[in-house]
Amino acid sequence: MLNIFSSPWLIRFAPWFFVLLWSTGFISAKYGLPYSEPFVFLSWRMAFNLLCFALLLKVFSVRLPRSWRLWRQQLIAGSLIHGAYLAGVFSAIDAGVPAGLTALLVGLQPLLTGVVVYFVWQQRLGLRQWLGLILGLAGVMLVLQQTSMMQLQAVNLTWQGLAWVLLALLGITLGTIYSKNACEAQSPLSASFIQYCATLVLTLLMVVIKGEGAAQWHPDFILALGWSVLVLSVGAILLLLVMIKAGESTRTASYFYLVPPLTALEAWWLFDEQMTGLALVGVAVTVFGVYWANRAVRNA
């Protein structure tokens, strides 16, 4: 099973598949949240995630680790990558923060990752890599600037909503770094199962604390939940784990710059949201920034 996730072909194309799948997360949230409060949705998602991964563990004859040390590592990683990130994104959108602005702020992850690995792990970043990261951020801002400004005029942002965005940003940043630098190697299937166990406990706890009600099983809710489980939690997360183990932290994080522009394109296609010429320039700048940052890593 480990050989499948070590395939050179998969490692080469994993970032592009990941970006395509991950970018749909904001779209699925838009479909699902009208029929469920955020932590109820996430609890159902985690429960079905565990069922899917229990089946995958059985099919591929992968055993869960017996070492508490390995469990502890993945419980921490899951609490950050899934618990904090998903809770922040869903709660921010539910609190009225525009999805485009949420994507833009969470899109700061690559720069934050660069700062953390530089000051905490003393992982040196070259000038060309920093320039690539900054270019990627500039492209993201170009893509979302007009849409976000129009949305900002129609909503009243609250500190609570922005705090949820900050939680999502810190969760995915620190979770990615921790997974790369502190987690010992194990099957992505067992790692994901343990991570989802931690997240389910957290989301259920938040359902109780916030007193959230039952979900409405509308077809849009079922579609959003199914997509979130099969495409995002199974497909995208396995690809992310492959990327983290195969590449350096900042290089992996830089691909997240591609998510907001692609999300904007999907929203333009699915919901007829405005996409200007300036936004298309931003897409090109973002792609070049990611290419430049990763080229700098390979040539370092």
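What the table shows:
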item: Karplus (6.51, -1.76, 1.60) ³J(HN,Hα), θ = phi - 60°, over the stretch 76-89, in Hz, Gly and Pro reported as x; result: 5, 4, x, 4, 8, 5, 9, x, 5, 5, 5, 4, x, 5
item: Environment charge at residue 212 (Cβ cut-off 11 Å; Lys +1, Arg +1, Asp -1, Glu -1); result: -1
item: At most 16 other Cβ within 10 Å, DSSP loop - GluC sites (Glu not before Pro), the stretch 178-251; result: 184
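Every number here is computed from the coordinates shown, using simple stated rules; none is lab data. Because the structure is a prediction, the values reported are computed rather than measured. When we count neighbours, we look across all protein chains shown, and the Cβ atoms used for this are built from the backbone with ideal geometry, even at glycine.
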